[in-house]
Structures are given as structure tokens and as C-alpha cells.
1. Tell me which residues come under 5 Å, amide H to amide H, from A:Ala53 once H is placed; ignore anything under 5 positions away on its chain.
2. Enumerate the amide H contacts of A:Lys387 below 5 Å, restricted to partners 5 or more residues apart or on another chain; note that Pro and chain-start residues carry no placed amide H.
3. What are the ³J(HN,Hα) couplings of the range A:378-392, residue after residue, when phi is run through the Karplus curve with 6.51, -1.76, 1.60 and θ = phi - 60°? Round to Hz, x for glycine and proline.
4. With label points built 7 Å along Cα→Cβ from the Cα atoms of B:Arg119 and B:Ser27, find their separation and express it in nm.
5. To test your reading of the geometry: what angle, between 0 and 90 degrees and rounded to tens, separates the Cα axis of helix A:485-501 from the longest principal axis of chain A?
6. When a footprinting reagent is the concern and you count Cβ atoms within 10 Å, what order do A:Val318, B:Val26, B:Val155, A:Val435 take, fewest first?
7. Per DSSP H run of at least 4 residues, take -39500 (n - 2.57); add these up for chain A, divide by its residues and hand me the 222 nm value, nearest 500 deg cm²/dmol.
8. Quick one: 3J(HN,Hα) in Hz for the range A:283-298, Karplus 6.51/-1.76/1.60 with θ = phi - 60°, rounded, Gly and Pro as x.
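None of the figures in this text is laboratory data; all of them are computed from the coordinates on show. Quantities reported herein were computed from a predicted structural model and do not represent experimental measurements. Positions of Cβ are generated from backbone atoms using ideal geometry, with glycine treated the same way; all protein chains shown enter the neighbour counts.
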Amino acid sequence: MKIIYTDSLVVGAGLAGLRVAIASKERGLDTLVLSLIPAKRSHSAAAQGGMQASLGNTVKGMGDNEDVHFQDTVKGSDWGCDQQVARMFAHCAPKAVRELANWGVPWTRVTQGPRQVVVNAEKVTIEEAEAAHGLINARDFGGTKKWRTCYTADGTGHSLLYAVDNKAISMGIPVHERMEALKIIHDGKRCHGVIARCLITGELRAYIAKSTTIATGGYGRIYEVSTNAIICEGIGQAMALETGVATLGNMEAVQFHPTAIVPVGILTTEGCRGDGGLLRDVDGHRFMPDYEPDKKELASRDVVSRRMTEHMRKGKGVDSPYGPHLWLDITLLGREHIETNLREVQEICEYFLGIDPAVDWIPVRPTQHYSMGGIRTDATGESPQLKGLFSVGEAACWDMHGFNRLGGNSLAETVVAGMIIGKYVADFGENNDLVVDTRLVEQAMGELSTEIDALIDGHGTESPYILKQEMQRIMMDYVGIFRNGPELDKAVEGLKALLERSRNLIVKNKKRHANPELVEALRVRRMIKVALTVACGAAARTESRGAHAREDFPQRNDRDWLKRTLCCWPDANALEPEIHYEDLDVMQMELPPGYRGYGIDNTIPHPDTATREAEIAVKLAELGENADRYTQQQALMPFELPQELMPKNERLIDKLSAQVGEKNS
Amino acid sequence: MSQGRTLTFNIFRFDPQQPGDKPKMVSYQLDETPGMTVFIALNRLREEQDSSLQFDFVCRAGICGSCAMVINGMPTLACRTLTSKFSDATITLMPLPGFELIGDLSVNTGKFMREIAERLKLWLHPRGDGQDIHVLEAPMDPEEAARLYELERCVECGVCVSACATKQMRETFVGAVGLMKIARFELDSRDARSVDDFYHVIGNQDGVFGCMTLLGCQDNCPKDLPHMQQIAYLRRKMSATLVSC
């Protein structure tokens, strides 16, 4: 039995995983990363538009700060997020952007003087301050009050991933590539590492560690069409689920991005609309102002995706052999802008559609894009059930996104959560011993080995490819943008039948080394379980919140549903997960539930909301008018961070007002 | 478009881990569908005809660089190659040369790229201890940032390496990918290394002076990176260090 020992084991070499690995290594811990693929090919690279951080350098970002970013994030989540976590995040985002500049990211910078931009379909000239020249720029994104999305052209994820992986290489952090973690080693209370299979040789290895951090990204590929890379199959979530004790949070919270190209589902960035692009229908009509006169194309993602679907249901879509779509028009931005700031979009249009987006409209429709749900962790990134098991990034439900994530907040989460949780993981590594229980290791490896034997030598009859297609079809048809009880019930029944069938899988290719069919078979039965947590969670949640839109329950129901869904799978033979709920405490919220600003306000209020609002008013009044925003925030909802991350963030405005102060004195 | 065609795929097959297996070409037939890419075709072949077929895709959107292979004689990204591009309905697929073969069309570009990065120290070497992350960042010339991004668009797909005659003859040659990255850090005002430092890693036959200027890299780079210009630039820079010595 091959056993490899380390202090800090990280599964997944995207931005979140690498950032945690760097934090561990910085503290002198032995650190090792497992990845399905070379680190630089991780799905983080596909994030185009940018990451949100309230630097406030550009004139359109002036006045921005942690408070505004926090409020946008909470509203965007439809009050489903953990507000303490959203605070930790908003506070550290500017630090992460600046750290990445130190590591080599060539952030797009502000140029002083006049600059022409497109706002609401009109060319507008804005004037950037002389003092801002050369500082990090930001563009507009949906659901934000300020221009806050820092970017490098439209290859932000690529630049970030390369800089962070280069940093990891410079520190000598090993990445074991083409290693697939499939099982968590645990004793019901403590996680000891994982069992992984080498995708080249087929060798099974045990990786034993003090801490194990799952950073395997989202589960978008349980859907047939998704913007996600084909490796985003939810195996990290499935591993946690299969421990029988760890929980997954809010799995039904699945985001559909408004503008993926038709039919292949490749993303065109929200930066297209942030920079001034428009959505048009079959008649060429710009329809978003009809639905959302205030925010228009830059309403929150869930809202835009629903409005697009509604509009297509009215027959206003453009017919195609692949079903109806709408148009994304960025021609008004001009060729120069497209060829510098939106060149990945231009390449995608050229290669996959054969069109020139400076001249032609782009066929788009809402497509599965992001998993708000994931492995439930506390604010330090650790599983509440399994000590030593951490999760970070899209894989996790740290829960800064609640039921809808803002554009630019996922790339931000990877590096910000990686920075924060990385420190907690390192603390854990310093304060805990390596526990080696060979009996547990043998048991876990034996289970995986038996599973593989049965797939190769067993008497099963089911094809992994067919089961996967059927699962993906069910998710597309019944667990999409709009949901309803009867369809969700169909989904649950269909998936349960598939799970039963998945116990009867067989592979035709009998090789025990590199065998893509075996890989598929090992994954598909895990994916079906993940799909069941999504469908069961959605069927049980009889309200609409953020991206979870129930046609039969259109109201956001704070009274009964201001709670987080938790799924676990204690009985390995069961056909569905157990569901529990965790209340969100309104009395602890800095920003009590309110109107999000889209459509009619049909919320059923929580009884504590009015009480908490009154309490906040009293607290603020007690502090007096002269209390600064930091004091006010602390009074309402104190939050903790590792000490090194507590300092305030300096901004251009602070520097400018200090200079003015000096002149006046 | 060429709807209704039957495509013939001639695919290189070899499993180096299978005792007795020998490299061979195998033909497969597939009905073409509108908008079909080599990504779609290979997945269908694997699901419907031969489940042992090995190849690599990740983003399937031309972003991650996983899927480079030789398609009808030219190295390129398979995910964004439309089958309709080939008028004679025959498509020959070979693995990228110059890399360790994992099996069939799958090669170990990741291992190669990590080794090059370690050997050439392809990361930012900041001046001093770097800037405090709690205070205003150091300004950078906006033009410089834009130029850096242009050079940083490399996706490490390995096409330039496989298209390089020098690399095929000289195992230790760093290839256009290595030189492009050096050029990127050389341009970065935040990097503390001097031209002399770079000379020590690429001022030799394995670096800029090994290039025969056949420019297969420039011709085939899926990201249209200016390899020719950057290699010429680095050569002049490196030569200048010799003159000044």
C-alpha cells in the first residue's frame, strides 16, 4: 500500500487550492497539492471579466469601500449568505488584489484624463484623476453600486492563475498531476486525508495529512449544458457526502449565467454588458429596460437570466436548430475596445460561431454557470462535522454568496478565501499532530479497490455514459432556471432510479491503468448523488430566493425559509440524502432582510426583521453622529479575521484627503 | 455547411503501458453534425465506438491549452477546430511531438511546462520585499500593464514546442514558450532581475541563440503571440550584454 505523508494536503490546483497551499508553505508546513490536470489548466483560468475589490481608484468607483461591497454582496445573495463571512471577504478583497500585483498580475491600470465609455447605450466621457494614474482600474459589473471589478483585459482568471501557480512553483510546492481523489479517510470525527487514483498508471495511493482542503470547484457538469470546464463534476462534494457525516450546504442554489453562446454553452463575460453591451430580442429590440428600468442589463445575474427566459417564453426569442436564443450586442463598444478589452470573447466568437462581434450580434442564452452550494464549512473554512477537513472556493459553501453570486465575486472568493482560510489551515497544521491509523487507511483503500474490481470484473450491465446523459438531461429539464413541485418530484424520482442503476455499472474497457471509461464510471455514481442533493433541496424549498425560482412559490419567504439547506448521506444504501436546516439569525445581521430592488417586493417578512431594524437604529443613535463607519460596523456585527489581515485598507481618497488636510493646516 | 457528411478519423493509437502494444493508425467513421468540433467528435467516438480512446480536454473553449494535437499535419487546439474546415472529410489526428506520450492523443505537457518554469525561474522576482498589501498599490504605467498582458496570454498548450525544428533536434532547447515568458518578465518593471541575470539562463544554444528562426512557433501559436518579435528582441538584448562586458 503506497502511503504519502504531508502536513497540508490540498485537493484541487485552481486559485483557491493553490492559495491555501501557499499559505501553508509560508508557515513552513510540508504541503502537497493533488490535481486532475496541470495546475494552470484549472477552471479558474476561464474567469474572464475580473474580481471585485473596493479599491475605488477609478472615478466611477469613488466612494466605494468595504461597506458598499458588503451590502451589494448580501443583497445579491438575496439575504441567503452568512453576513460575517461576507464581511471577512469584503475586508480582505483589496488586500488580495494588491498581493496579486506583488506576485506579478498585470492589472489593467487607470489612465489619467478623459476616457470615452459606453453607459446605457450612450457614449459618455469620464475624467480620471491625475492622482489615480497607474493605479488598478475597475469595470462595471451587474448588481454593484460602484465600478468595482478589477481586471486584466478579459483574461483575469488566466493572469491570476498563472501568477499564483508561478508563486507556488517558486516556493517548491509539489503538484501531483493527474491524480484523482475519490475517497476521504476519516473516523467519523476527524479527517485524515484521501485515497486517490493515478489517472495514468491506475495506482491507488493514500495521502495522509494533518489537514485536507477540498478545492475542487463546482458541480456544473451535472447539467448537460454548462459554461463549466468538463472536469467540474462535483467529485469533491461527493467525497464529502460519502463520508456520511460532512454536510453540503444550499446545493439547490445553482446560478445560470445570462450570456453563454448557443449551442455549445461557452461563456461570454459579464464584462460585455459591464462595458456597455446590450441584450436584444428577435426584433432587435432592447428588452431589459422594459423589465428592469433601473438596472437594465446590469441587474443581478439571476434576475437577467429569468427575464431573458420570460421574454423567450413570450415568443420573442430567435429560433435556431438548438432552440430559441437572444442576442448580445457589443458592436456599439467599437472594434478597438473589443480587440483590447474583450479579446477572449472575440476569439470565442471567431472560432466557435464564425462571427465578428465588432460587426455581428452574438447568439446567447442563460446557461448553468456557478454552484453557490458546496461543502458546508464554518467561517474558518473547516467542516463543522469533520475536524481537519477544510474546503475553499466554489467547492465550498463558506457562504458568502447565499442564493445568488455577484459577477466578479467568484474569482475574488478564490483568492480572498484562499488567503483567509489558508491562514486557518496553517494554524490547524501548527496545532495538530499527524494521526496515522493504518486500519482506517486500509479500509478506505479496500473500499475503493473493491469498487474498481466490481466495475471491471463484475456482472453489471449499465453504461456509465448513458447514465450520465440521463442524469444531465433530468437536471436540464426539471431543475433549471424556473422550477416547480411536479417537475422537481420527477427529477428526484428519475435520479433515484439512476442511482439504483448506477450500482449495476460495468465498463467495457478492462484496463486498470489509463482508462477513461473507468474514470467516467467512478465519477457518475458520485455525480448522481450530488445531483440528488440539488434536486431534493430544490423540491423541499417552497419559496423563491435568488437563483432558486419556484413558479409555484414565487415569494421570498423569510418567515419560513431564512435558513440554509444542509444535506448529508449517512446511510450509504439510501437513495436520497437526509436534509436538515440551519437558521440564519436575523438578530445577528448587520443588514436585516429587505427589498432587493428588482420587480415587485413580494417578500414574506421574518418576524425578527422589524425588531432588528429598530435595534440597529438605537445602536447607531447611541454612537452619535461622529462615529466613523468602522465603529458603527463593529457595534452592529463584529467579525474576526486572522490578525495579519485586520488592518484597514488605504484608498486613494484617504491619501487625497490627507493631502488636503496638510494644505489646510 | 457540410451537413450530412460521413467523416473519417484516422487516429494514432498507442498505449505505452500495455505490454506488446505497438503504435498504429486506426480509422473511425462518424456522421458530421452542424457546428461539430474535434472535441465533440472525439467524445462521441469514445462514447459510441471505442471507450479506450485517450485524449485531454478541460475547458473546451480554447482557454486552458489542454487539447493541442496535430490535426491534418498542423499542431493546434482541438476543442476549437471545426470539422467543417476540412473539405475532404478525412481528419488525421496525431499526438503532439516533443512531449512524453501518455497514450493515444494524450501527452504530458504539464510535466514539461513545470520543468521549464523551474529551470528558467519563470516567476516574478520582486524588488525588495514587495509592497504592503494594506496600503495603496504602487502605480504602474497603464501601457506597460497592457503590454505585459499581451505577452502573458500564452496557455502553455505546447504547440510552439511541437512546431519547432530546433526543439526536435535539441532536447534541452527552451522553446518559444520559455523565451516568451522570459520576455514577459524582462519587460516587467516590478521584476528585479537584470539583463545579465536573464543572459545566464537563455544566452546560449538552449536559449535565444539556438533558435533557427524557422518560426513554426509564430505560424501556429493559437494565441497569435509575437514570438518572432520577442525572440529577436531578446537576442538583441543578450548580444548587448556581451558588447558591454
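1. It is A:Cys150, by chain and number.
2. Those qualifying (amide H under 5 Å, at least 5 residues apart or on another chain) are A:Arg190, A:Cys191.
3. 7, 5, 8, x, 9, 5, x, 9, 10, 4, x, 9, 10, 8, 8
4. According to this spin-label approximation, the distance is 4.0 nm.
5. On a 0 to 90 degree scale, this one is about 30.
6. Details: A:Val318 19, B:Val26 13, B:Val155 25, A:Val435 16.
In increasing order of surrounding Cβ atoms, one gets B:Val26, A:Val435, A:Val318, B:Val155.
7. On the way: 19 runs with 239 residues, N = 665.
When only DSSP H runs of four or more count, the value is -11500 deg cm²/dmol.
8. Whole-Hz 3J(HN,Hα) from phi for the range A:283-298: 8, x, 7, 7, 8, 4, x, 5, 8, 10, x, 7, 8, 6, 5, 9.
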